[in-house]
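Everything on this sheet refers to the single structure shown next.
The values are calculated or read from the model by the stated rules, or taken from the named source; none is laboratory data. Worth saying up front: this structure is predicted, and the values here are computed from it rather than measured. Note that we place each Cβ from the backbone using ideal geometry, even for glycine, and neighbour counts take in every protein chain shown. Just the protein is used for accessible areas: all its heavy atoms, side chains included, with ligands, DNA and RNA removed. Shrake-Rupley method; radii C 1.70, N 1.55, O 1.52, S 1.80 Å.
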Amino acid sequence: KMTQQMRDLQLAQARKPPGPSSPNAAKRLYRNLSGKFRVNYTSFDEGSLVGRGEKEKLRKSYLFQSSAALFEAVELQDLDRVQELLKQYSPEELDLNTPSSEGLLPLDIAIMTNNAPIAKALLQAGAKESPHFVSLESRSLHLSTLVREAEQRVNDLTAQVVNEAPSADCSDKEKQLKAWEWRYRLYKRMKAGFEHARVPDAPTNVHLSVASSSSVQVTFCEPLSANSAVVTKYKVEWSCSPTFSPLLGEAIIDKLKNLHFTIQGLVSGTAYYVQVSAYNMKGWGPPQASVPPFAIPSNWREYDGRAPRRRGQAEALDHLLSQVKTFHQHCVCHEPCKNQPQSRKHSVSKSLKHLFHPGSKFLKTLKRGLYLAAIFYKDDNILVTHEDQIPVVEIDDTYSCLLMQDFLWFTKVSCMWEEILWLRQCVTVSQSSCSCILQTRFKMLLAISQMQGLLGIHDLGQVFFEPIKDKQGNILIVTLKEVKTNQTFESVRWVPICKLQTSRKSVSSPEEPTALDMLLISVQEKLAYHQRSSHALSPGLYLGYLKLCSAVDQIRVLVPERLPNILCHVKIRSNPNISREEWEWLQKMASVEEPVPAEPEADTPQNPLFQELQVAIKELMTLVNIPLQEAKDFRLYSQEVLDFGGQVSFLLLLPPSDDVCTAPGQNNPYTPCSGFLTLPLQIFELGEEG
């Protein structure tokens, strides 16, 4: 193909036809000019065949084609430009895997010039090698042809420039000559790169682990050799025999962003051997066996046949709730509510106008009592009423019962915002008992309904983990919700948080701030808590630290401020699965009734999990600011592995038995001083479930 193209170009030069031999030929010649000659370049005989305006239009169309720009950037070894184009355009827009008229792809040029950074950037974007190179011989022949014909073109143009008198046409020939000289050097460099390359060395750090009862995972790193060509793919092979004969399967990995592969569909209890080899333009390198050499698919539950703790629980609770609803469906208490319109029928935009209606029931000031405040925020703005107040409604102005019990009940209700009307109907039945607790909780449901109706939104968000109290006897329960949509509502006012705080300071009493003032002062901290509590851990196995402290009316759990929905923790490894063999080892360790060793012993077998736990324990002790020598009294919880959705699992590290939960007034040597907070256990459980 390249030979025929060059012949066509030579004939075009001699006969001066009405256009270039092909659009691709002109396009490629223009594209491959260096920046030095690109500005005034005119491809072949365009100058005598097209007008100046059309020529400029053609030039710009070539210049702005993303595919052409990518080829040019790769040929000029401009890494920044390559990365910019890969970020700006999709692989399809760039024609990333469409060969040029020379039968080359951007990745071919990068690997044959041994430009590893550009090649790796292209590979991560999904680039492939040219399908024209079916063998080493075909690649060598193709490169030789490119070099030979580029050299011939240089010789022909040199003769024409020397023999012709100075003219505009001669000037164009000189520019073409410089372009072809540059291209000749490029092809020679590519040919030399191919000839000096060798097959890659074996991959390094090939590690095999048990991913589940039916799969194993292999991770690996690039070969160490710096003299070979860029590796473009890897091959994972597995077998039940250490000689890999017969092979049970193989997989080609050409997406090199993450060098790992999970082998699925294996038989539990069977040993599988795995090896990995690398490939470059010279072929496949030697395979590297994994460490350990084999793995047996299993899971820690197989040790005693234990079923998952939460299997069927969600379904059972849903069924129970459905039964309760069915039982109450025809209850007398429901009759007055049958004809009540559903607030959901009102659009959010229409209902939010209540915020600015003079007759709204939002409160401006607090009297002595219990109140509900709803914070809706978007970026650095917060939703306020027409009087620049955070939406607040009254729950009970005669509140005198124990708050913590009612508050924790309120947090559980927050999991059922959509069922508030039904809950109100159910609580009404028991009002005749005149129970203070029931009366307060019914008023809580009424306040929630009022807030939902005024805002036109059922979901009020997450309850902040502790109410706000002031010296005037006010108690404020706060809910937080982030508005992530770009939807805008007519007449709704979003106020910058800093502006709201500034305006409030001008009228507040710094000596005795009200609960609303305290809310505004600390609103940034509460928003930060709300955002952090919604973060999720990346997949892996973690070591968690369980530390409790008790009070008269509650138990609280220690959590990190940066991730308050999870126990204090460090990551052990990326694989969340504990195999049956690892769990057996943990059980043996627990049966000895010795503390977790903080330092390795000389005669200790090199168990990978043992080594990982040692590193994790040291890191965790540093995190919670506990002296490492005290870790000798700590224990690993060996009853189960805590599993969170199959992608995250926890082993628990416990203080000595007497110090797991600190009593009121007791000296607590195992609680860090900063960077942590304690949450009520029920609040933590709700956050963990979320």
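One table, with the values for the structure above:
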| item | result |
| --- | --- |
| Filter on Lys364/Lys481; Lys87/Lys499; Lys412/Lys499; Lys325/Lys471; Lys191/Lys255; Lys325/Lys443 - keep pairs with C-alpha separation over 31 Å | Lys87/Lys499; Lys412/Lys499; Lys325/Lys471 |
| Label-to-label distance, nm, for residues given as Ser241 and Val134 (7 Å Cα→Cβ offset) | 3.2 |
| Accessible area expressed per residue, region 215-256, with surrounding protein chains retained (probe 1.4 Å, Å²) | 48 |
| For q = 0.25 Å⁻¹, Debye-computed log10 I/I(0) when each Cα of region 79-160 counts as one equal scatterer | -1.17 |
| Normalised contact order of region 365-416, rounded percent, pairs of Cα under 8 Å and 6 or more residues apart | 38 |
| Equivalent ellipsoid semi-axes - Cα gyration tensor, region 56-196, angstrom | 28, 21, 12 |
| Label-point gap, in nm, between Ala590 and Ala116 - each point 7 angstrom along Cα→Cβ | 4.6 |
| Calculated FRET efficiency for the pair Lys257/Asn163, C-beta based, R₀ 51 Å, to 0.05 | 0.40 |
| Derived scalar couplings ³J(HN,Hα) [region 241-258; Karplus, 6.51 cos²θ - 1.76 cosθ + 1.60; whole Hz; x for Gly, Pro] | 10, x, 8, 6, 9, x, 7, 8, x, 8, 9, 9, 10, 10, 9, 9, 5, 10 |
| Region 56-196, dipole about Cα centre (Lys/Arg Cβ +1, Asp/Glu Cβ -1), debye to the nearest 20 | 200 |
| C-alpha center-to-center spacing [region 261-278, region 509-541] in angstrom | 47 |
| ³J(HN,Hα), Karplus 6.51/-1.76/1.60, whole Hz, each residue of region 381-389, x for Gly, Pro | 10, 9, 7, 10, 7, 5, 9, 6, 10 |
| 15 Å tail of the calculated P(r), region 190-235, as % of Cα pairs | 56 |
| Lys, Arg +1 and Asp, Glu -1 on Cβ, resulting dipole of region 184-266 about Cα centre, debye, nearest 20 | 560 |
| Net lengthening on full extension, Gln77/Lys188 (0.36 nm per residue, minus Cα-Cα) | 38.4 nm |
| Base-10 log of normalised Debye intensity for region 207-298 (one unit scatterer per alpha-carbon) at q = 0.13, 0.15, 0.18 Å⁻¹ | -0.41, -0.54, -0.76 |
| Accessible surface of region 56-196 [probe 1.4 Å, protein heavy atoms]: carbon and sulfur percent | 52 |
| Chain lengthening between Val660 and Glu561 when straightened (0.36 nm per residue, less Cα-Cα) | 33.6 nm |
| Solvent-accessible area per residue for region 56-196 (1.4 angstrom probe, square angstrom) | 48 |
| Calculated FRET efficiency for the pair Gln152/Leu537, C-beta based, R₀ 45 Å, to 0.05 | 0.10 |
| Theoretical gain in end-to-end length, Trp284 to Gln611 [0.36 nm per residue, Cα-Cα removed] | 114.3 nm |
| Portion, in percent, of the accessible area of region 207-298 that falls on carbon or sulfur, probe 1.4 Å | 55 |
| Virtual spin-label span in nm between Glu92 and Lys484, 7 Å along Cα→Cβ | 2.5 |
| Options Ala121, Ser140, Trp182, ranked by Cα towards positive dipole end of region 56-196, top entry (Cβ charges) | Ala121 |
